[in-house]
Each structure stands twice: as structure tokens, then as C-alpha cells.
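The values are calculated or read from the model by the stated rules, or taken from the named source; none is laboratory data. Everything quoted here is computed from the prediction, not taken from an experiment. Glycine gets a Cβ as well: all are built from the backbone with ideal geometry, and neighbour counts include every protein chain shown.
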Amino acid sequence: MARSLALFAIGLVFGGGAGFVLAAANGVTFDGHDHGDPSHHGGVQAEAMAHDHSTPVNLPAGADAPSVAIAVIPDPMAGWNLHVMPQNFRFAPESASAAEKDGEGHAHVYINGEKLGRLYGNWMHIPALPKGAVEVEVSLNANSHSPLTVDNVPVRAVVTVQVD
């Protein structure tokens, strides 16, 4: 009986591993979402819209157009604190990857042009920055991850920090 259970457990481990490798090789992700299958997106058109993050969402200029300012402050203990101050924009983590809605979404944070990650609130701790002049950029993005623009100008802020 003990040997049967041991063989069963070994079979589960190897079978699960083989299934994982097979799924990963065919584009299936942990969210059960096959990026290679347009039917998972409502067809080819929806596939293109859902994953084309390069097409900006352009909003008209005006008093209620979104904008953003940032500050990078040394953390008293270690690293840096990024403060993101959007205007006419609401962070909406609950709507990430959902339909676009004017004035809401998330931010993307870049260090020297390389994406650090997404931001769903006003503050982010950055554990370390490289030595020298470091460019920190924050762009506002729609729920669909497309960059926001106002009159075709990206809604972003950039500051340069000198790191010793």
C-alpha cells in the first residue's frame, strides 16, 4: 500500500511537471489565458486591441485633462520614495486590463528608460538606484495599458536624480 502511494505521488509530480511544460510551450499562462488563441479575446480584432499597448488613448486638452507631477525623495532608512501626483486622474487597480474609462488607469515607472513596473497608487518605494544621474519617469496609462496622451502629448513626468 505504501509503495502504491509513493508511486502515485511520483506520478503526480512528473505528470504535473510535464503538463506545465506542455502548457508553457503552447502559450498558456497561469491565468488560464492562452495568448496564442484569439478566441480567448473575442476574436482577432479583440486580440489586437487587448494587447496593443502602443496605441495611445488621446484625450482633449482642457481644464479636466489629466496631468502628472513626480518627486523622488531619499528614504531615511534606505532607497528612494517616489511620489506620484496626478491631476484629473484616478488610480483604478480594480480595472487593470479592463475597458478604458477616461481619467482612470495606472502608471508605469521607468528608471533610465527601463520599465520598473506598474503603479496603482501615489507612492512607491524604490530599494536602490544606480550611481550617477538617474532619470525617473512616470507615465499615466489607461486601464488597457495604452499610454494616455492629451492633444497627442504623452501624459508623463520625468525627473533626474543624482545618486552618489
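Within region 147-157, which residues are at negative phi and touching a residue at least 40 places away in the same chain (Cβ under 8 Å)? The answer is P147, L148, T149, V150, P154, V155, R156, A157.
Condition test on I73, is it touching a His at 6+ places or on another chain (Cβ under 8 Å) and β-branched (V, I, T)? The answer is yes for I73. The strands (runs of 3 or more DSSP E) located wholly in region 94-163 that include 3 or more residues which are crowded, with 17+ Cβ neighbours inside 10 Å and either in contact with a Phe, Trp or Tyr (Cβ under 6 Å, 6 or more places away or on another chain) or among the polar types (S, T, N, Q) (or both) occupy 132-142. For the condition in the same structural domain as M124 (by TED's automatic domain parsing), surrounded by 12 or more Cβ atoms within 10 Å (Cβ to Cβ) and of a type outside the set (G, A, S), M85 qualifies.
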